[in-house]
Structures are given as C-alpha cells and as structure tokens.
1. Taking the condition of being within 17 Å of residue 165 (Cβ to Cβ) and out of contact with any Gly (no Cβ under 6 Å at 6 or more places or on another chain), how many residues in segment 327-337 meet it?
2. Looking at (1) among the β-branched types (Val, Ile, Thr); (2) modelled with pLDDT of 95 or more; (3) in the same structural domain as residue 44 (by TED's automatic domain parsing), which one does residue 341 not meet, given that it meets all the others?
3. Could you tell me whether any residue of segment 29-40 is touching a Ser or Thr at 6+ places or on another chain (Cβ under 6 Å) and either assigned to a helix (DSSP H, G or I) or of a type outside the set (A, V, I, L, M) (or both)?
4. Would you confirm whether or not segment 322-338 contains a residue that is under 17 Å from residue 239 (Cβ atoms) and either more than 22 Å from the chain's Cα centre (by Cα) or assigned to a helix (DSSP H, G or I) (or both)?
5. Looking at segment 88-106, is at least one residue assigned to a loop (DSSP other than H, G, I, E, B), within 26 Å of the chain's Cα centre (by Cα), under 27 Å from residue 20 (Cβ atoms) and modelled with pLDDT under 95?
6. Determine which member of the set 335, 367 is in contact with a strand residue (DSSP E or B) (Cβ under 6 Å, 6 or more places away or on another chain), crowded, with 18+ Cβ neighbours inside 10 Å, of a type outside the set (A, V, I, L, M) and closer than 27 Å to residue 43 by Cα.
Amino acid sequence: MPIRTLPKFRNLSDFLTHLAARDELREVSAPVSLAQEMTAVHRRVLEARGPVLKFNHATDAGGARAGMPVVTNLFGTPARVAAGLGLAPDQVTELGEFLAALREPAPLDGMRDALSRWPMLSAALATRPKIRRSAEVQHTVLQGDQVDMAALPVQTCWPGEPAPLITWPLVLTRPADSQAEDTARYNMGVYRMQVLGRARCIMRWLAHRGGAAHHRGWQARGEKMPVAVVIGADPATMLSAALPLPSTVSELRFAGVLRGERSALVAARTVPMMVPADAEIILEGWVDPTTRAPEGPYGDHTGYYNSVEDFPVMEITAITMRKSPLYVSTFTGRPPDEPSVIGEVFNTLALPVIRRQIPEVVDMWLPPAACSYRMAIVSIRKEYAGQARRVMMALWGMLPQFSYTKAIVVVDEDINPRNWDDISWALATRMDPGRDVMVLENTPMDYLDFASPQAGMAGKLGIDATNKLGSETSREWGRVMAMNPEAEDFAARLCRDMKLTPEAGQ
C-alpha cells in the first residue's frame, strides 16, 4: 500500500479544510438557484479545472433560501480525486498495484516476505468497522410527519427535467438473507434519485448493479427492502462507492482501506441497517417489492436525456443529519463532468489489474469524451501475428465494465494512446479497413446507448492499428523515420542557446 502522504479525512469537513488550505475552495455568497443556475456555474468552473464550490445562499425555484450550504465540484480535478484517496497524483499507480495484489496475492516466500506485506495485512484489517452507539450524523432526527424532502437543497440540473434529482447519493443495501451487522455483504452504489414528494423518491438502479440484485432477492421473498442513503461523507467513502470493485467486496468496508483506518458505523434509527457515523445526511427507508414509478427524463453522462422508465420507489421513514450539515451535489452531462474526471483517475487504478491478466498491455486510455468507457485505446508490446485481436477479446471478456466498451483500438508501444495525433497517425499508416477491423454482433451493451439496434444488445468494433508481423502482411513493412540522437542533442543545445523556440526562451 502506498504511504499516505495526506492526513486521514474522517469526514467531509476535514477534506474541505485541507482543500481550503491549498486554495482549492471558494465560498459563493451570492444567491444561486438550485434550478439550473447552480449547474451552469458548476460546469464553467469544472471546465476551467477550478476549485470546489460551497454555495452558502442556494435558493429554490421560488427564491426561498436553502437551510444548508451546497458543495459541488468536490472531485472536479484529477488531483482532488487523488487527494480524496489520500495520495499525491503520482502515487495513484502505486495504489493500483496494491489493489491488483489484493485481488491476486502472490504466494509467500518465507518470513521476510510475510513481514514485507504487513502494510497489505494492515489494510485488510482496516476493513473491519468500528461500531458506535451514537453519532454526529444523528444529531437531528426527522421522523413521521417531520420528514420532508423539501428540507434538502436538491438540484434540478437541466431544462425539462420533471423534478429535483439527488445526484451524489451513496445507496446502501444488503441481501435478503443477511442481518444488519453483516456489513461485509453490503453494497454501496451511486444511483440517482428523483424526488416524488415529501417522503418518496425513485431509486434508479440498473439491472446489473448490486442494489438491483439485492432488491430482486427481497422481491422473491415478497418483502420490502431496508435502504439507507448517505449524502455527504468522507472522500474515501464517496470514492469507494464509485470504484469498480468485485461483487464480493463491500464498498463500505473497503473505504477503510482507502482512508487508512477502520470505518465508524452506527445503527440507523428506523431501518435495520448500519450507516457511516461521520456522514452529513442519511435518508432511511424501505423499497417496496412491487411499487414502481416513471423516472425521468433526466440529462445523463451521454449528453442526452434518458427515456422515461419505471423504477422502484423508496418510502423515507427518517432523515438524520449533523448539527450543521453540508449537502453534496453534482451534475451529469456530456463530458467533462465530475464522473468523467473520476474516471480519468480510475483508468490509472485499473491498469495494474489489466496487466496481470494481459501482460503485454503497456498503457490504456478511456477517452472521457467517449463517455469514459465506450471507447478504449490500448498500446501493447507486440510480438506475434494476431496479438492485437487476442488483446481485444481478452479485454471484452475480462471485466464486466468492458462489456460496454463498443470500440477498442490497439496500437504499438511507440504510440501514445492518450494523444489523438499519435492515434490518427497509427490508424492512417498501420491499419487497413479490409484486414484490420473486427466487428462483433449481438453482444451486451449499456441500454442507455440508444444508438444500439436494441436495448442492451449491440455490436463491438475492434481496430488493429499496430505494425503488421509475419502472416499478417505479404508486403515489406515500412520503417519509422527517426532522427539521429546526436543531431537531436545538437538541435536542442542550439535552440536553447539562441532562444530559437518559445520553450528555449522561457
């Protein structure tokens, strides 16, 4: 585990204090409407890689002032995502190596090797939660007729959306055959929630997500499912909910690994669930096995509005919160948005796991502009004919997330997969459409991709833009031009001494 270079953030305020000291927090005192104005401000600041925003005078559509501040753009830069993990940006790769080792630990080779892995063992122990009898998140408890979602400053992000939408909820669920204390079996996911009224929200989880799987288990028993929703938490907990962890790993417990200490939990007041003790706001309630309601249309990460579909409804039995809570919000839309920025960092985290399965992979880029997962550019150390196609097939079959990647371009290791000019050159000079394009039909796909012929099923495109070897070509392959290193050194010295280029003159 990389040595944590930043302090342990036990709650959201700790993280904001750290960011303020680095001049990465701005407090907005001017009135800003929750209806579209806040999103418009947030988008401009995020596109400029600007600071976290704390809106102290948020207003509803009627102009009434919200009862608490709204925090947005929390993870609006890759550096802040790394900070949320407790790391400097250049340590993210080390964390990725640690996560890969946790997935597939190598056999021990004697006592010295065992001792060298103590940080990993310590991290594993950090997943066991501490249970508290009381917590700051339960300073204020609203139940019964006191429950009113209007008390929370929930945004309406885009024109034409039907109701306010909770955009950063951490939704906690557990299997039907579990107990409240079985936190190792909890799932924590980010599922947007449309506000239906004072005590009702729509829970929009897709069929393949952990929350939906748990709900099906409760449905089979004909029972309503207990749910707790966290709004605002320490950054490790928030980022754990977004990590693509194996289904056997509890995001709630894994947050302890990222934070460097055991998570503190407390029993919810009205449902049999354990919740983060240091959170800002908790919504408690039940999801009925059969009740559903039409959700949407809402703006999504694709840059389009989703179609209206029925999803389960949550009946809220309590709202608990800290003495002076902060409401955390964001928007989703055509990149860049916060999810795409988080995706940039998670791209780096995923590389060591991928390399363990496909060792020839040098680098990979999931372009944020392509919705962060629908296209992948992969560079490899090519050694034999057909290798690029084998890598494509391996990626599509390796992780569930790659089943939604509909285009993979494979390039050689001399190509920077994060540079469109390099990619374009490789496509133009190393790829023949009749030989190097592979098309698959009727494969799993994100049903949000309305370009697909039918919901949930689509084709895949693989493009081999590598140099061709052996039986891949019958022609003599070209040689890449490269300048003599001595001439390059001479040019660099001359340009520096005579200030012939802008870089040399700085």
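The values are calculated or read from the model by the stated rules, or taken from the named source; none is laboratory data. If you're wondering where the values come from, they're calculated on a predicted model, not measured in any experiment. Cβ placement follows ideal geometry from the backbone for every residue including glycine, while neighbour counts extend to all protein chains displayed.
1. Residues meeting the conditions: 6.
2. (3)
3. Yes.
4. yes
5. yes
6. Details: 335 fails: in contact with a strand residue (DSSP E or B) (Cβ under 6 Å, 6 or more places away or on another chain).
Matching residue, one of 335, 367: 367.
Here's the yes/no breakdown for (1) assigned to a strand (DSSP E or B); (2) without any contact (Cβ under 8 Å) to a residue 40 or more places away in the chain; (3) outside the structural domain of residue 295 (by TED's automatic domain parsing); (4) polar (S, T, N, Q):
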{"residue": "160", "(1), (2), (3), (4)": "no, no, no, no"}
{"residue": "180", "(1), (2), (3), (4)": "no, no, no, no"}
{"residue": "201", "(1), (2), (3), (4)": "yes, no, no, no"}
{"residue": "208", "(1), (2), (3), (4)": "no, no, no, no"}
{"residue": "211", "(1), (2), (3), (4)": "no, no, no, no"}
{"residue": "216", "(1), (2), (3), (4)": "no, yes, no, no"}
{"residue": "230", "(1), (2), (3), (4)": "yes, no, no, no"}
{"residue": "238", "(1), (2), (3), (4)": "no, no, no, no"}
{"residue": "248", "(1), (2), (3), (4)": "no, yes, no, yes"}
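Residues checked against (1) more than 22 Å from residue 143 (Cα to Cα); (2) surrounded by fewer than 17 Cβ atoms within 10 Å (Cβ to Cβ); (3) not aliphatic (A, V, I, L, M):
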residue: 268; (1), (2), (3): no, no, no
residue: 274; (1), (2), (3): no, no, no
residue: 280; (1), (2), (3): no, no, yes
residue: 293; (1), (2), (3): yes, yes, no
residue: 296; (1), (2), (3): yes, no, yes
residue: 302; (1), (2), (3): yes, no, yes
residue: 316; (1), (2), (3): no, no, no
residue: 326; (1), (2), (3): no, no, no
residue: 342; (1), (2), (3): yes, no, no
